[in-house]
Each structure stands twice: as C-alpha cells, then as structure tokens.
Amino acid sequence: MTRIGVVALQGDFCEHLDMLAMLGWQGVAVKQPGQLEGLDGLILPGGESTTQCLLLEASDLRIPVEAEIHAGLPVLGTCAGLIMLARTVVGGRLDQWSFGALDVSVIRNGFGRQVRSFEADLAVQGLGETMRAVFIRAPAITEVGEKVNTLASVGYRFADGSVRDVPAVVAQGSIVATSFHPEVSRDPRLHELAFRR
Ligand code: GLN
C-alpha cells in the first residue's frame, strides 16, 4: 500500500491526510524523525513557513527531512510547503531558512495580504479538466531555474493594475510544488501526479 507522510507540525496537514485516505493510501502524520521510515512520499503542507522553520528544528526533523528530499523521495509542497522547498525566499524573517531543493525564487505573500486571497480555475499540464485552485496568502514564484517545469500558471491582476502569468504548479525531479491549496478544494489529482510518477 502506498504510504505517504505529511509533516504534521503546523498548518493544514489534516486536510492532506484526508486526501490520502480519499485515494486509498496510508497517510502518516510525521511529527518526529522515526516516522519518516518506509515512506513512498512526503507532503510539506501549507500554513506559516516561519513557524514551520522553528518547529522543524525543535522536533529534530530539519536534517532528516532534508536528507530524504535530497535522496529523491517524492515530495509535494503546497503553499508554505513550496516556500520551504524554494532555493530563494524573499520577504521571509531574517532567521528563515528553506530546504533549497527546488530551483525557484518566491516572494512570501506575493499576491498581497489575506484580503487579496482568491480562487482560479487552472489548466494543469497532464491533468485534463481544469482544477479549482485556492490561493491563501500565497507565495508568488518570480523565477524558475532551467531544470524546473512549469505545469500551470495563473493570470493575476496585481495591486498596481498589471496582469501577469505567475507559475502556480512546478516540478523538478521528484518534487512537485503548488502555490495554492489542492487539499482545500479536495481535488486529488495533484497528489496522484506527485506520487504516481
Ligand atoms: N503566507 C504563508 C507563509 O509565508 C503561506 C500561506 C499558506 O500556506 N497558505 O508561510
């Protein structure tokens, strides 16, 4: 049976565990290093990346999770999880760190504050029908490296009136990351994409 861990320190890890159950997979709430054993994949959920940084260190998960990511364990990062994976994080706290495994640059809260949270229908490469995407104080991806595939973008009107296409689903090697919350719209196709490749 497919066994997927969800880092369960902060944020909406419960919704991810529900999605895994919906897919008939075993979800493991990962709160300590021993729980990383025997996983087929790992989810870094949305929430607050600053808090997640502190809790990953306090729970001794930072180093073993980093090792699993670099060893090629399939990973899905959503929203704050994308921030945790990014090479460069703009607008973070001074002591904020990231795993740096995904060659993208992100701006925290890059679409504006909470009141500018929004939803959009996205065409994701390889997924057929569009997917409802919920963006909540989402990071905006501003740069993608050569090895990164952009699987979906969102057209967004920024506060200054300019409309730009911003990558919203990206993939690099064994990593898939989204700036929105697929677990909130309860559409399991991205989870399948991340762990059935
Ligand atoms: N703004 C949050 C952060 O910086 C991410 C928001 C989210 O995960 N919905 O971590």
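The values are calculated or read from the model by the stated rules, or taken from the named source; none is laboratory data. Bear in mind the structure is a predicted one, so any value in this text is a computation, not a measurement. So basically every Cβ, Gly included, is an ideal-geometry build from the backbone, and we count neighbours across all protein chains shown. Note: areas computed on protein heavy atoms with side chains; ligands, DNA, RNA excluded. Shrake-Rupley method; radii C 1.70, N 1.55, O 1.52, S 1.80 Å.
Overview of values
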read-out: The chain: calculated mean residue ellipticity at 222 nm from DSSP helix runs of at least 4, using -39500 (n - 2.57); value: -6000 deg cm²/dmol
read-out: Point-charge dipole on Cβ atoms (K/R +1, D/E -1) for the stretch 52-140, about Cα centre, debye to 20; value: 400
read-out: Rounded Å value of the spacing that divides the Cα centres of the stretch 132-190 and the stretch 102-124; value: 6
read-out: Potential extension, PHE118-THR142 segment - 0.36 nm per residue separation minus Cα distance; value: 6.8 nm
read-out: Taking all pairs of distinct alpha-carbon atoms in the chain, Kirkwood radius in angstrom; value: 16.5
read-out: For the chain, with +1 on Lys and Arg beta carbons and -1 on Asp and Glu, the positive-most of ALA171, ALA29, TYR156 along the dipole; value: TYR156
read-out: Spin-label proximity, GLU57 to the stretch 78-98 - amide N less than 13 Å from point 7 Å beyond Cα toward beta carbon; value: 93-98
read-out: Residue with peak Gaussian network fluctuation, the chain [Cα springs, cutoff 10 Å], from MET131, MET22, MET84; value: MET22
read-out: Accessible area in square angstrom per residue, the stretch 1-121, 1.4 angstrom probe; value: 43
read-out: Accessible area per residue, Å², the stretch 145-197 with all protein chains present, probe 1.4 Å; value: 46
read-out: Cα-centred dipole magnitude for the stretch 1-50, charges only on beta-carbon of K, R (+1) and D, E (-1), debye, nearest 20; value: 140
read-out: Percent carbon-and-sulfur accessible area, the chain, ignoring ligands, DNA and RNA, probe 1.4 Å; value: 49
